[in-house]
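Visitor: Quick one: structure below, then a few questions.
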Amino acid sequence: MAPAAALSAFLNNTPVVAVFVPAIKVWARRNNLGLSKLLIPLSYASIAGGTCTLIGTSTNLVVNGLRLEKAGSPGLRMFDLAWIGLPITASVFLFVWLLGGRMLHNREVPLANGNGMREYTTDMMVEEGSPLEGCCIEGAGLRSLPGLFLAEIERDGVILPAVEPRERLAANDRLVFVGAIESVVDLHSIRGLVPATDQISKLEGARKDRSFFEAVLSDNCPLVGKRVREGRFRTRYRAAIIALARNGERLRGKIGDMVLHAGDTLLLEARPDFMNQQGRSRDFLLMSEVGGFHPPNHKGAPAALAITVGMVVLAASGLLSLLEAALVAAGLMIVSGCTSGRVARKAPDWQVLVYPVVDSVTLSEATSIRIQGAFAKH
């Protein structure tokens, strides 16, 4: 609640909640927490935080504009509302802390039961110099993901099949996980954990610009009966296999050494146009994008944070208007590589932007018709 309220004081609360929801979903799954008990506090915190500054919510800006236009009084400064907003925010925090546990219901996620789910096998590796080095399995949060099982660890060519929760991780450890697709995808958002296959680094473009896809191999696929490494899957389809599922079987060994069978379900990492290129291919029976998931860009986080802070400082100091500061920040996000042009083009909510214009045009037309009708009567 604290970071959501702090950000909402300087950003619109709707995008703040939209940014936090995926992170909270992952955090809740890792720590076996009820997601239904976390989303309402997140929403309340963002709303309360928006009352602390002038730019915290659009309502404050509208009221300030009416104050300037109607009352003719000087406008509010950035932190004039803080003496009201901070006590409100503290009261919300206290209310949720005292009564939230009893008033919010804990709804179990079906995934946690693990009944009838498709089990994927995937290989991950601990990066050198990552924060996971020296951490135990349980402390790194690798034992608490629902529907996910750490089958074995390969270290210096030695297989550790029965992994204890207190086993310490070392650089270049290869971890073999078996579990549901949601938890397998979540593994790729853990900092310091990367796919064990070297095919990921050979794909075109940066990881942050790619997406995850599920594909089922057909009998017509020329790679059926071949090992993943021998079939040159990446070269043929411009995608990398990061996990594999087969009729509920628990597969063993490295992904690259597995022999592909017809009906195998593959979890792929590829560019967003993969569906357009291979959607009609006879090599696959079914294909779908794993919606809402894409490889994260951990390296761009410091730059994104610095740009956001700079935007707030420029707007608060009056050097630039809020619109100008936001446009500069959006441009820097693209130039610095924190986000891509494809993501930026999808970011605007055109319904929010277009509908008010359409409604105002419709209202103007309706008003014009009423006036013409009144003149016609007289």
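The values are calculated or read from the model by the stated rules, or taken from the named source; none is laboratory data. Every value quoted in this text rests on a predicted model; they were computed, and no experiment measured them. Note that each Cβ is placed from the backbone with ideal geometry, even for glycine, and that neighbours are counted across all protein chains shown.
Visitor: Could you go through the range 28-46 and let me know if any residue there is touching a Gly at 6+ places or on another chain (Cβ under 8 Å) and free of Cβ contacts under 8 Å to residues at least 12 places away in the same chain.
Guide: yes
Visitor: I've got another one for you. Among the residues of the range 191-213, which ones are among the aliphatic types (A, V, I, L, M), under 22 Å from Ala301 (Cα atoms) and modelled with pLDDT under 80?
Guide: Of everything in the range 191-213, those that are among the aliphatic types (A, V, I, L, M), under 22 Å from Ala301 (Cα atoms) and modelled with pLDDT under 80 turn out to be Ile200, Ala206.
Visitor: Do the conditions hold for Arg227, that is, is it at positive phi, surrounded by 14 or more Cβ atoms within 10 Å (Cβ to Cβ) and at pLDDT 85 or above?
Guide: no
Visitor: Filter the range 175-185 down to the residues that are more than 24 Å from Arg229 (Cβ to Cβ) and not charged (D, E, K, R), then identify the one that is surrounded by the most Cβ atoms within 10 Å (Cβ to Cβ).
Guide: Ser183
Visitor: Starting from the range 186-201, keep only residues that are in the same structural domain as Lys254 (by TED's automatic domain parsing) and more than 21 Å from Val228 (Cβ to Cβ), then list their pairs with residues that are part of a loop (DSSP other than H, G, I, E, B) and small (Gly, Ala, Ser) whose Cβ atoms are within a distance under 9 Å, requiring at least 6 positions of separation or different chains.
Guide: Listed pairs, sorted by first residue: Ile190/Ala140; Ile190/Gly141; Arg191/Ser130; Gly192/Gly129; Gly192/Ser130; Gly192/Ala140.
Visitor: For the range 164-199, which residues satisfy the criterion of being closer than 26 Å to Glu133 by Cβ and touching a helix residue (DSSP H, G or I) at 6+ places or on another chain (Cβ under 7 Å)?
Guide: Phe177, Ser183, Asp186, Ser189, Arg191, Leu193, Thr197, Gln199
Visitor: Looking only at the range 194-224, filter to residues that are among the small types (Gly, Ala, Ser) and assigned to a loop (DSSP other than H, G, I, E, B); which one of those is farthest from Asp123 (Cα to Cα)?
Guide: Ser218
Visitor: Follow-up question, since we're still on this one. Which of the residues belonging to the range 258-294 are surrounded by 18 or more Cβ atoms within 10 Å (Cβ to Cβ), in a helix (DSSP H, G or I) and more than 24 Å from the chain's Cα centre (by Cα)?
Guide: Of everything in the range 258-294, just one residue is surrounded by 18 or more Cβ atoms within 10 Å (Cβ to Cβ), in a helix (DSSP H, G or I) and more than 24 Å from the chain's Cα centre (by Cα), namely Gln278.
Visitor: For Pro131, all conditions in the list (1) surrounded by fewer than 17 Cβ atoms within 10 Å (Cβ to Cβ); (2) assigned by TED's automatic domain parsing to the domain that holds Lys25 hold save one; what is the number of the exception?
Guide: (2)
Visitor: While we're looking at this one, here's another question. Looking at (1) of a type in the set (Ser, Thr, Tyr); (2) buried (at least 18 other Cβ atoms within 10 Å of the Cβ); (3) without any contact (Cβ under 8 Å) to a residue 12 or more places away in the chain, which one does Thr59 not meet, given that it meets all the others?
Guide: In the conditions (1) of a type in the set (Ser, Thr, Tyr); (2) buried (at least 18 other Cβ atoms within 10 Å of the Cβ); (3) without any contact (Cβ under 8 Å) to a residue 12 or more places away in the chain, Thr59 misses (2) alone.
Visitor: So, one more: Does the range 170-190 hold any residues that are part of a loop (DSSP other than H, G, I, E, B) and in contact with a Leu (Cβ under 8 Å, 6 or more places away or on another chain), and which are they?
Guide: Ala180, Ile190
Visitor: Output the residues belonging to the range 243-257 that are at pLDDT below 85 and in a loop (DSSP other than H, G, I, E, B).
Guide: Residues of the range 243-257 that are at pLDDT below 85, as a first pass: 247-257.
Those that are at pLDDT below 85 and in a loop (DSSP other than H, G, I, E, B): Asn247, Gly248, Glu249, Arg250, Leu251, Arg252, Gly253, Lys254.
Visitor: Could you say which residue among Arg210, Arg280 is touching a His at 6+ places or on another chain (Cβ under 8 Å) and either among the charged types (D, E, K, R) or not assigned by TED's automatic domain parsing to the domain that holds Ile159 (or both)?
Guide: Just a single option satisfies the conditions, and that option is Arg210.
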